[in-house]
1. What distance in nm lies between label points placed 7 Å from Cα along the C-beta direction at Thr300 and Asn324?
2. If we sort 322-328, 218-224 on the protection proxy, mean other Cβ atoms within 10 Å, highest first, what's the order?
3. Please check which bits of the range 144-187 a label hung off His138 would reach, taking the label as a point 7 Å along Cα-to-C-beta and the cut-off as backbone N under 16 Å.
4. Hey, what do the phi angles of the range 294-304 turn into as Karplus ³J(HN,Hα) couplings, whole Hz, using 6.51/-1.76/1.60 and θ = phi - 60°, x for Gly and Pro?
5. Sort 185-192, 135-142 by the packing proxy (mean of other Cβ within 10 Å over each peptide's residues), most packed first.
6. What full-extension length gain, to one decimal in nm, is calculated for Lys180 and Lys416 as 0.36 nm per residue of separation minus the Cα-Cα distance?
7. Using a 7 Å offset from the Cα along the Cα-to-Cβ direction at both Arg189 and Arg254, what is the distance between the two label points in nm, to one decimal?
8. Give the peptides 313-319, 125-131, 248-254 in descending order of average Cβ contacts within 10 Å, highest first.
Amino acid sequence: MKHIVFYVLLGIIAFGGMLYYAVTKGLHFEEASLQTAKVSSKLAKSKSYINVSYIKGTTHVVHSPSIARIDSSAYLVGFFGGSREGAKDVKIYASIFYPKQYSYHMDKSLYSTDANSDRHSKVLPILDRMTLRYQTKHYISKLGNPVLFTKGDTIYLSVVAPSFGGWATARIYLLSAPIKEVKDYFEGRLTKSPFKLVNHFLLSSFFNLSHLVRTEPISLDDNRTLLPLYFEMGRKLPLLAVLDSKFNVAMLLRPTTIPFLLQPSLVPFDKYNCLLAYRNGSHTTSPKLYLQTCKTANGTLTFGTPYESTINNFDSSIGLFNLNHIVAMVYNEVDSGDASKMDESTEKNTREKLSLALFEGEDFVKVDTLAYRPKGHASYPSIVTNGDYAYIAFSDSNESIGIISMNTSFLKEKEKLLQKDSNTSLESKINSNFARTKVLSEKVGTRKSESKKSEYSKEGKHASKAKEKQNPSDK
């Protein structure tokens, strides 16, 4: 009998090992050359260039944009809109953005504001809660945080939607539509949105609730996808879901156990190395942006210890991107002088300035201010790169969606101003930084037992300060 039990257990372990190997073997980031289409227009020949366009909302509030490539000259920009954030009338809207229509005019002033209807299509709804309710057979109380991404000839839309209560009870749903049908819809050849349900992610056995998305997924090899998300209920934590080719959750990773680090944004340096940045939800105690190095190894991701940046973060969403080996971040800037005077009562003033920073081996350094709204906000950046260009969508005071276009030459000019050490390769800086955080991890480990009570007491303070009800803009 003992032998039978032994062989049964051995068979189960062997089967589990083979299944794990099949799911995780060769986990690497997709080559950049495969992620973007070649730019075959005058844009690729231009010198340093930056410009901005706007998509005016058709509802009282528009917010939380996301941008995805349709082809080399068109991009789908999605956002939620309604009477207010979290209202039952909120729908996911979108418009097709055409940078090719205006980007030849290099004499335009920086951040030109002259409206031109041919820069984007008309704004149309692509999803409402009743449609999602019909497709999922779940009761849907509201919609928020749309995230668009492209794979092959299909555009995918992930969205968060609770069935009851606030955003802490939300689930993540994934829909898709063929690019051809998306074009037909916005050009009037289809009368209904082509987006159809693909999956409802199973992320937890505890009612599968309280998971949200905000930042862009990353393409992996073997047609897999890395989806950044976060757990909202109680001890707020960042997560990374590896999705297989059929968009089922193959692996769920927790890069850190530090609470209140939300909305992870991930950018690959190359096929094997990456960087994470987090929105700091506990900014009243430590108003710093947190960074974390990561690597692919043994079919999964390994993570360095999160460390504080010199850049502040007051509970604001951020975006990372890599444009032709220049790693950059778009974020809401709050300088140290203002940060020392701020608390939750002044949080509404922390998103007025949208800035650009470049990565310098260990940390980001600010190089430009992209937008300044002293009586509003410029926030929630979403970035897509394609060939020589990056396109940054952001929420402009809940009234419109701004889209900043910039090319590689623009970033290279900013990079020169930093007087970067040309003798140190990016790869050596990454490896040095990863080793440094590993050493830091060992040092932290020796102090864990002494500081455990203190950590839990701090966590309790964070939890008590957490808002009971938050809008999608705060999620």
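Please treat every number below as a calculation from the coordinates, not as lab data. All values derive from a computational prediction rather than experimental measurement. Cβ coordinates were reconstructed from backbone atoms using ideal geometry, including for glycine residues, and neighbour counts include every protein chain displayed.
1. 3.8 nm
2. On the way: 322-328: 19.1, 218-224: 17.3.
Final packing ranking: 322-328, 218-224.
3. Flagged as within label range: 144-147, 157-176.
4. Here the 3J(HN,Hα) series is 8, 9, 8, 7, 6, x, 8, 9, 10, 10, x Hz.
5. Numbers: 185-192: 13.2, 135-142: 15.8.
Output ranking for 185-192, 135-142: 135-142, 185-192.
6. Numbers: separation 236, 0.36 × 236 = 84.96 nm, distance 4.13 nm.
Here the answer is 80.8 nm.
7. 4.9 nm
8. Details: 313-319: 24.4, 125-131: 19.3, 248-254: 15.3.
Going by the mean number of other Cβ atoms within 10 Å, highest first, we get 313-319, 125-131, 248-254.
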